[in-house]
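See below for the structure under consideration.
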Ligand code: PNS
């Protein structure tokens, strides 16, 4: 039985992530999607919220499990005896340098931690959580970038948070 882990911030999960999850779930017997902390990013959703959104977006995929971990991916790899490989999506050549560095770092920290890359599908290659948050912040329609069953909830949360933040910023500018 081959098991892969798909790590990321998933803040929030997008159709780009779902594309990789769906395709990877067909390549492996089991896929563990693990929410990790990226110290270089700020977040709109808590880790339990991100896990819950992922759970709902992947409910139709029986071999997908959702987990979270507050630590190094290389260490998480060690905590799971059942895991064989790390899966990462590559959207564009711009992703490559950072992903290549992460893959080598993870392997250096844990020689068992091999990474395989799956190229994003053409229709999702430009989608990112950061782009979704930015469009939502200015009231744009983000529904087409998000899994159908959760886009309304994500839009509402992002809209209300960003509207409050923008109002506060405008007040400070006056
Ligand atoms: O979705 P992201 O933000 O591109 O995912 C990056 C993530 C969360 C996979 C990466 O930051 C990570 O692995 N964080 C856990 C801490 C860690 O192991 N860092 C070293 C990897 S070089």
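Every read-out reported here was derived from the displayed coordinates using simple, explicitly stated rules and does not represent laboratory data. Because the structure is a prediction, the values reported are computed rather than measured. Heads up, the Cβs are rebuilt from the backbone with ideal geometry, glycines too, and the neighbour counts pull from every protein chain shown.
With each label modelled as a point 7 angstrom along the Cα→C-beta vector, the residue 126-residue 56 pair spans 2.7 nm. With R₀ fixed at 35 Å, the C-beta to C-beta distance from residue 173 to residue 144 puts the FRET efficiency at about 0.65.
Based on the alpha-carbon set only, what is the convex hull volume of the range 1-101 divided per residue, in Å³? Taking only Cα atoms, the range 1-101 has a hull volume of 106 Å³ per residue. Residue exposure proxy: 100, 162, 40, ordered by other Cβ atoms within 10 angstrom of their Cβ from fewest to most, comes out as 40, 100, 162. When the alpha carbon coordinates of the range 15-72 are projected onto the principal axes, the ranges are 31, 22, 18 Å, largest first. Shape index of the range 116-174: Rg/Rh, with Rg the Cα radius of gyration and Rh the Kirkwood radius from the inverse mean 1/r over Cα pairs, equals 1.11. From least to most packed, judged by other beta carbons within 10 angstrom and beginning with the fewest, 93, 79, 115, 105 follow the order 93, 79, 105, 115. The angle between the Cα long axis of helix 15-27 and the longest principal axis of the Cα atoms of the chain comes to about 20 degrees, rounded to the nearest 10.
Any chance you could give the angle, 0 to 90 degrees and rounded to 10, that helix 151-173 forms with the longest Cα principal axis of the chain? Taking Cα atoms only, the helix is inclined about 50 degrees.
Normalised radius of gyration (Cα atoms, divided by 2.2 N^0.38 Å) for the chain: 1.07. Along each principal axis, taking the top coordinate minus the bottom one, the Cα set of the range 55-112 gives 33, 29, 20 Å in descending order.
Helix 47-57 against the longest principal axis of the chain: what's the angle in degrees, Cα atoms only, rounded to the nearest 10? It is inclined by approximately 80 degrees. When Rg and the Kirkwood Rh are both derived from Cα coordinates, the Rg/Rh ratio for the range 1-45 amounts to 1.03.
Using the Cα coordinates of the range 94-144, the gyration tensor eigenvalues translate into equivalent-ellipsoid semi-axes of 31, 13, 9 Å, sorted from longest to shortest. Note on residue 23 and residue 159: with the Förster distance fixed at 41 Å, the Cβ-Cβ geometry gives a FRET efficiency of about 0.85.
Normalised by the number of residues in the chain, the mean separation of alpha-carbon contacts (under 8 Å, six or more apart) gives a relative contact order of 26 percent.
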